[in-house]
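Asker: Okay, handing you the structure first.
Bear in mind that the values in this text are calculations on the coordinates, not laboratory data. What you are looking at is a predicted structure, and each value in this text was computed from that prediction instead of being measured. Every residue, glycine as well, gets a Cβ built from its backbone with ideal geometry; the counts of neighbours run over all protein chains shown.
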Amino acid sequence: MQNHKPYYTRDDISDLPHLSSLPGEAPFVRGPFESMYRQKPWTIRQYTGFASAEESNAAFKRCLAEGGQGLSVAFDLATHLGFDSDHPAAQADVGRTGVAIDSVEDMKRLFAGIDLSQVSVSMTMNGAVLPIMATFIVAAEESGVPRQQLRGTIQNDILKEFMVRNTYIFEPEPSIRISTDVVEYLSQELPNFNSMSISGYHFQEAGAEPALELALTLANARAYLDQIADRGIDLDAFCHRLSFFFGVGMNFFDEIAKLRAARLLWSEEVERRGATSDRAKRMKMHCQTSGWSLTAQEPQNNLIRTTIEAMAAVFGGTQSLHTNAYDEALSLPTDHSARLARNTQLILQHETGICDVADPWGGSYMMEALTQAMVNKVRGYVDDIDAQGGVIAAIESGWVRDRIHESAAQTQAATDSGRRPIIGVNRFVSDEELQSSTRQIDAESLIGEQRHRLQQLRERRDDEAVDHALAALSASARQQQGNLLALTVDAIRARATLGECTRALLLSWPRYRALSRFSPNAYAESRRHDASWRRAQRRVETFSLNNLRNPSILIVKLGLDGHDRGARVVAAALANAGFRVELSPLFSTPQQVLQQLHKTGFDAIGISLLSGAHLALVQELKTALDREGYADLPLFLGGVIPKEDQTRLEAIGIQHVFGPGTPMERIVESILARVALNATE
Ligand code: 2CP
């Protein structure tokens with residue numbers, strides 16, 4: 001929790017410049033609209049999508065029938081990274097974290113029976129933004145909805161992918177060209193579609209505290225404004241189609257202050273660049289309750305956390321909101337938990353009177369002072385980023401990743417030491433096992449169906465027309481000419497697939513490979529004096545003295561899963577405890593893991609997986625290890641793993657599964673005990 005004063009007085013707000021503004025007036029601290037929720041409550045927009053287009057379509061329809069007000073599409077990792085469902089690299093991940101889209105036919109099935117001229121659709125897509133936006137436009141067109149009528153938002157925020165989210169495909173420079181081409185095309189062709197959702201949420205999920213989250217978001221937004229301005233597009237003509245996306249965690253007061261501060265800072269930034277209209281200066285945002293705040297222990301407690309976070313988002317004046325389901329720390333939400341999550345918002349909108357008043361915290365000594373403090377802190381961070389040479393330089397030097405990693409490791413250390421209380425995890429822990437059901441994905445059938453559909457598509461289409469359109473796309477990448485989205489729309493209309501469009505660009509632009517790194521000091525700085533942590537360190541020291549070497553572990557991220565906060569924090573903690581630790585690059589294959597093992601031996605492997613693909617990927621790695629003579633190498637797994645899968649994983653050869661919330665000393669001691677056993681055998 002942040003440091004707040006015991007109470008606030010008039011003196012705390014005596015000279016604040018924003019105090020006299022009203023809701024709907026620059027700098028919009030008090031909200032983007034005068035009437036706010038009285039005229040239109042925030043949009044209930046639940047991030048949904050799993051497995052096949054049909055299943056996701058049914059979930060969308062259920063969602064709208066049960067009170068959802070807009071749609072938000074979750075795509076699977078294969079789609080995010082530009083692979084068709086029949087690509088060998090994608091097999092374990094197809095359909096796991098969202099819907100698999102290979103072609104315009106899948107997109108048409110995704111929205112069958114949903115009138116796209118009436119429902120606004122948000123799509124979380126960054127790396128493969130070109131084929132996804134194109135399939136959406138062509139699918140709508142072919143169902144009779146002209147592009148001018150389409151409403152919604154495409155995430156299209158590639159910079160944060162290089163900082164945290166990791167679903168990039170190409171290197172930063174071509175990636176920025178792609179996202180700017182999308183903005184340009186949408187601003188001309190789809191006037192009602194928000195062309196970017198500049199996202200802070202993922203920074204918070206990766207470990208950033210609220211001010212750092214906001215500073216990084218604004219730094220990215222400034223970089224996009226620079227790119228767009230370079231093309232001569234008028235700010236007043238397109239800024240209202242840039243939208244924002246923030247995470248809202250359990251720092252209740254600071255989260256409200258963050259959203260108020262965000263609007264002020266954005267309004268100032270856009271005005272400084274010459275925009276004159278209120279429409280351009282007014283920040284609109286979507287919020288999502290914090291995934292990181294959800295606990296696997298006593299999961300029903302998460303309903304309460306989510307309600308509190310939703311209230312902070314609403315008090316902060318969000319335009320659209322996703323509330324997490326209580327069981328998301330265990331697996332994909334079930335229909336029941338998804339309904340409860342949606343009902344959280346319906347209850348707020350219909351039963352509490354919360355929509356009656358704009359900015360109810362306006363004028364509070366504390367809230368106004370916190371808003372200004374947030375503004376000041378964010379400005380400090382933005383100056384730090386400028387001192388790094390701007391956000392792109394700060395990404396390239398690793399500065400951004402290091403700040404977020406440090407913040408994540410410190411939060412984990414505060415949790416493990418008990419200084420950051422979490423009920424059911426480090427305070428008031430209950431022994432009672434609460435049962436909750438989890439959703440299973442039949443990925444094998446899905447892959448079979450998608451293969452069949454791809455085959456049919458390829459048989460029926462005019463290959464010459466497809467080749468011609470793909471050649472034009474490649475040429476545009478190579479020659480730096482033309483609009484890539486316009487050309488992708490042509491290719492998709494001719495029935496090119498998502499993977500083929502990606503490959504056409506990969507001919508000119510190689511796939512980007514990021515380095516994985518962690519800071520050994522990031523975790524333990526604040527645990528130096530904790531008895532339980534020191535005991536774990538002493539045990540490692542004893543092992544090292546007895547064996548004349550440190551124990552060692554290779555931490556690996558397998559498959560297409562790019563969530564690496566946990567892997568990096570665990571790596572930092574193990575290194576600080578005294579292990580020799582290496583972190584494999586993201587998206588490692590079993591062959592790459594074997595290469596690392598051949599190069600440098602390790603006592604154990606720690607696998608981190610949050611994508612739901614654990615059974616297939618662990619089996620694949622174990623088979624490769626057995627084949628190459630590493631059958632005795634102990635394997636550990638960390639991530640979101642449903643209870644019913646744990647026994648199956650143990651049968652494959654996993655020693656221990658560490659779920660979310662496991663204290664680092666327990667991880668250190670458990671791995672060390674197994675490594676020590678091997679050392680004495
Ligand atoms: C709204 N309007 C009003 C008022 N309220 N007009 C006058 N007075 C009011 N009080 C108008 C707006 O100006 C707009 O018209 C229209 O009503 C719709 O309202 P909106 O506020 O724009 O709502 P929306 O259509 O729901 O759009 C909200 C956002 C949009 C935030 C602008 O970008 C959005 O929906 N974002 C969602 C992003 C998302 O779902 N992301 C996925 C997250 P005009 O349009 O004519 O101005 S999950 C991602 C996962 C976790 C991941 O990333 O990994």
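Asker: Of the peptides 613-621, 391-399, how do they stack up when ordered by the mean number of other Cβ atoms within 10 Å, highest first?
Answerer: 613-621, 391-399
Asker: Grab the beta carbon distance between residue 666 and residue 432, set R0 = 22 Å, and tell me the FRET efficiency rounded to 0.05.
Answerer: 0.65
Asker: Fully extended, how many nm does the chain gain between residue 549 and residue 387 (0.36 nm per residue separation, minus their Cα-Cα distance)?
Answerer: 54.2 nm
Asker: Counting helices only, and only those DSSP H runs with n ≥ 4, report the 222 nm mean residue ellipticity of the chain as the sum of -39,500 (n - 2.57) divided by its residues, in deg cm²/dmol to the nearest 500.
Answerer: It comes out at -15500 deg cm²/dmol, rounded to the nearest 500.
Asker: On to the next question. How far apart, in nm, are the 7 Å Cα→Cβ label points at residue 475 and residue 423?
Answerer: Simple spin-label model gives 6.5 nm for this pair.
Asker: If each Cα of region 324-379 is one equal point scatterer, what is log10 of I(q)/I(0) from the Debye formula at q = 0.20 Å⁻¹?
Answerer: -0.79
Asker: What is the chain by shape, rounded, prolate or oblate, if you read a ≥ b ≥ c off the alpha carbon gyration tensor as root eigenvalues and call it rounded for a/c under 1.5, prolate for a/b larger than b/c, and oblate otherwise?
Answerer: In terms of gyration-tensor shape, oblate.
Asker: Here's another thing I want to ask about it. Given a Förster distance of 22 Å, report the FRET efficiency between residue 595 and residue 507 from their Cβ-Cβ distance, rounded to the nearest 0.05.
Answerer: FRET efficiency, residue 595 to residue 507: 0.25.
Asker: Kindly provide the Kirkwood hydrodynamic radius of region 308-431 in Å, to one decimal, from all pairs of distinct alpha carbon atoms.
Answerer: 18.5 Å
Asker: How compact and how long is region 406-551, expressed as Rg and Dmax of its alpha-carbon atoms in Å?
Answerer: Cα radius of gyration and Dmax of region 406-551 are 27.3, 70 Å respectively.
Asker: Expressed as a rounded percentage, what relative contact order does the chain have, with Cα pairs under 8 Å and six or more residues apart?
Answerer: After rounding, I find 15 percent.
Asker: If R₀ is 35 angstrom, what is the calculated FRET efficiency for the pair residue 149 and residue 364, using the beta carbon separation as r and rounding to 0.05?
Answerer: In this case the efficiency is close to 0.25.
Asker: Once you have the Cα-Cα distance between residue 64 and residue 8, take 0.36 nm times their residue separation minus that, and quote the gain in nm to one decimal.
Answerer: Additional length available on full extension: 15.8 nm.
Asker: Another question, if that's okay. Using mean Cβ contacts within 10 Å as the protection proxy, how do 596-603, 128-135 order, highest first?
Answerer: Sorting 596-603, 128-135 by mean packing, highest first, produces 128-135, 596-603.
Asker: On the Cα set of region 1-152, report Rg and Dmax in Å, please.
Answerer: 21.1, 64
Asker: Pop a pseudo-label 7 angstrom from the Cα along the beta-carbon direction at both residue 534 and residue 463 and give the gap in nm to one decimal.
Answerer: Using points 7 Å along Cα→Cβ, the separation is 7.2 nm.
Asker: Given 0.36 nm per residue, what is the gain on full extension from residue 677 to residue 300 after removing their alpha carbon distance, in nm?
Answerer: 131.9 nm
Asker: Over region 177-280, what lengths in whole Å, largest first, do the semi-axes of the equivalent ellipsoid take, defined as the square roots of 5 times the eigenvalues of the alpha-carbon gyration tensor?
Answerer: Taking √(5λ) for each Cα gyration eigenvalue gives 25, 15, 12 Å.
Asker: Determine, for each peptide in 443-449, 201-207, the mean count of other beta carbons within 10 angstrom over its residues, then list the peptides with the highest first.
Answerer: In decreasing order of mean packing, 443-449, 201-207 become 201-207, 443-449.
Asker: In whole Å, what are the extents of region 478-521 along the principal axes defined by its C-alpha atoms, from largest to smallest?
Answerer: Its Cα atoms span 53, 22, 16 Å along the three principal axes.
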